[in-house]
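**Student:** Structure provided below as structure tokens; questions to follow.
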Amino acid sequence: MFRIAVLASGRGSNLEALIKAQKVKKTDAEIALVVSDNPKAEALPRATGHGIPTQVVDPTIYTEKKAFDQALLKLLQSYQVDLIALAGYMRLVPPELLQAFPNRVINIHPSLLPAFPGMNAQQQAWDYGVKFTGCTVHFVDEGMDTGPIIAQTVVPVLTEDTLTLLTNRILKEEHLLYPRVVQWIAEGRIKLLGRKVFIK
Ligand code: GRF
């Protein structure tokens with residue numbers, strides 16, 4: 001079984017989409033663990049509700065960032081996961097973790113990267129006045145939303161749109177795209193050459 005850990009800091013709707021995909025057998029990946037840096041993350045009860053183990057690694061209880069990073073790494077190693085999927089995880093992944101899981105950490109971002117990295121990507125795109133935006137699943141590197149792009153879905157900005165409507169349409173596409181990419185990885189169909197990702 002291909003085992004994944006999902007890291008989430010908040011709402012957890014992408015986590016829910018991954019759980020659903022597992023339930024309806026759209027993916028063979030098993031969510032072995034959900035980790036949050038936020039004890040109040042809604043993602044935690046969502047996971048528990050589906051019988052998925054959860055762990056909180058709370059940065060506020062560590063005096064040094066290094067100790068927090070180590071605790072997170074140890075935890076993920078102890079669960080022997082094949083893939084780490086960030087789903088609304090609000091921290092940069094430490095280099096040690098990336099070294100321990102080379103090309104095994106992915107993220108979903110609500111814009112067509114490299115446009116609008118960082119926080120409030122939908123709002124950034126909206127304010128910029130783009131005609132098309134969307135979502136991106138990418139490998140995580142040490143930068144902020146800078147890793148190799150695996151897949152993207154384009155979402156047009158409509159004349160009658162509001163930021164909320166647009167954000168919701170992007171989110172719907174995120175929920176379709178993320179499980180699909182996880183399944184490709186579980187099937188071993190993804191090849192990375194330099195920055196370029198090929199899907200067999
Ligand atoms: C999503 O828009 C995702 O693209 C971004 O953070 C948001 C998380 O939402 N990285 P949720 O917690 O999965 O509902």
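No lab work stands behind these numbers, since they all come straight from the coordinates. These figures come from a predicted structure and were not determined experimentally. All Cβ positions, even for glycine, are placed from backbone atoms using ideal geometry, and neighbour counts span all protein chains on display.
**Student:** Tell me, Val6, Val56 in order of fewest to most beta-carbon neighbours within 10 Å? Could the numbers behind the result be given before it?
**Tutor:** Numbers: Val6 29, Val56 15.
Listed from fewest to most nearby Cβ atoms, that is Val56, Val6.
**Student:** For the stretch 20-114, report the convex hull volume of the alpha-carbon atoms normalised per residue, in Å³, without decimals. If you can, show how the numbers build up before the last one.
**Tutor:** On the way: hull volume 12.0 nm³, N = 95.
Dividing the Cα hull volume of the stretch 20-114 by its residues yields 126 Å³.
**Student:** If amide hydrogens are placed 1.01 Å from N in the peptide plane, which non-local residues have theirs closer than 5 Å to the one on Leu7?
**Tutor:** For Leu7, whose amide H was placed from the backbone, the distant partners under 5 Å are Val35, Ala85, Leu86, Ala87.
**Student:** Would you calculate, for the chain, the mean residue ellipticity at 222 nm contributed by helices, counting each DSSP H stretch of 4 or more residues as -39,500 (n - 2.57) and dividing by all residues, to the nearest 500? Don't skip to the end; give the middle numbers.
**Tutor:** Values: 6 runs with 70 residues, N = 200.
For the chain, the value works out to -11000 deg cm²/dmol.
**Student:** Between beta-carbons, use under 13 Å as the cut-off and find the net charge around Arg104, counting Lys and Arg +1, Asp and Glu -1.
**Tutor:** Values: positive: Arg3; negative: Asp82, Asp141.
Charge balance in the 13 Å sphere: -1.
**Student:** Specify the angular offset, from 0 to 90 degrees and rounded to the nearest 10, of the alpha carbon long axis of helix 13-23 from the longest principal axis of the alpha carbons in the chain.
**Tutor:** Between the helix axis and the principal axis of the chain, the angle is about 70 degrees.
**Student:** Ratio to report: Rg/Rh of the stretch 133-200, with Cα atoms as the point set and Rh obtained by the Kirkwood method; give two decimals. Walk me through the intermediate numbers first.
**Tutor:** Numbers: Rg = 13.8 Å, Rh = 13.2 Å.
Value, to two decimals: 1.04.
**Student:** Rounded to the nearest 10 degrees, what's the angle between the helix 65-78 long axis and the longest principal axis of the chain, both from Cα atoms, 0 to 90?
**Tutor:** Between the helix axis and the principal axis of the chain, the angle is about 80 degrees.
**Student:** Quick one: pull the percentage of alpha-carbon pairs in the stretch 83-200 with a separation above 16 Å. Don't skip to the end; give the middle numbers.
**Tutor:** On the way: 4059 of 6903 pairs.
Here the tail beyond 16 Å accounts for 59 percent of pairs.
**Student:** Hey, another quick one. Shape call for the stretch 115-159 from the C-alpha gyration tensor, a ≥ b ≥ c root eigenvalues: rounded (a/c under 1.5), prolate (a/b greater than b/c) or oblate? Mind dumping the intermediate values first?
**Tutor:** Details: a/c = 3.64, a/b = 1.66, b/c = 2.20.
Verdict is oblate for the stretch 115-159.
**Student:** With the radius of gyration and the Kirkwood radius both derived from the Cα set of the chain, what is their ratio Rg to Rh? Please report the intermediate quantities before stating the final value.
**Tutor:** Numbers: Rg = 16.4 Å, Rh = 17.2 Å.
Checking Rg against Rh, the ratio lands at 0.95.
**Student:** Which distance in nm do the two modelled labels at Arg180 and Lys20 give, with both placed 7 Å along the Cα-to-Cβ direction?
**Tutor:** 1.5
**Student:** Amide H to amide H, which residues 5 or more places from Ala151 or on other chains are under 5 Å from it, using H placed in the peptide plane?
**Tutor:** Val137
**Student:** Still on this structure: Among Asn107, Asn168, Asn14, which one shows the biggest mean-square fluctuation in a GNM of the chain, springs joining Cα atoms closer than 10 Å?
**Tutor:** For the chain, modelled as a Gaussian network with Cα springs under 10 Å, the answer is Asn168.
**Student:** What ranking of Ile31, Ile52, Ile4, Ile199 emerges when the number of other C-beta atoms within 10 Å of each C-beta is taken as an exposure proxy, fewest first? Each step should come with its number before you reach the end.
**Tutor:** On the way: Ile31 22, Ile52 19, Ile4 25, Ile199 12.
Ranked by crowding around the Cβ, least crowded first: Ile199, Ile52, Ile31, Ile4.
**Student:** Rounded to the nearest Å, what's the spacing between the alpha carbon centres of the stretch 70-131 and the stretch 16-53? Just the number, please.
**Tutor:** Computed from Cα coordinates, the inter-centre distance equals 17 Å.
**Student:** Sticking with this one: What residue among Ile61, Ile190, Ile149 has the largest mean-square fluctuation in a Gaussian network model of the chain, using Cα springs under 10 Å?
**Tutor:** Ile61
**Student:** Taking other Cβ within 10 Å of each residue's Cβ, how do Glu64, Glu173 sort, fewest first?
**Tutor:** Details: Glu64 8, Glu173 16.
Lowest to highest Cβ neighbour count: Glu64, Glu173.
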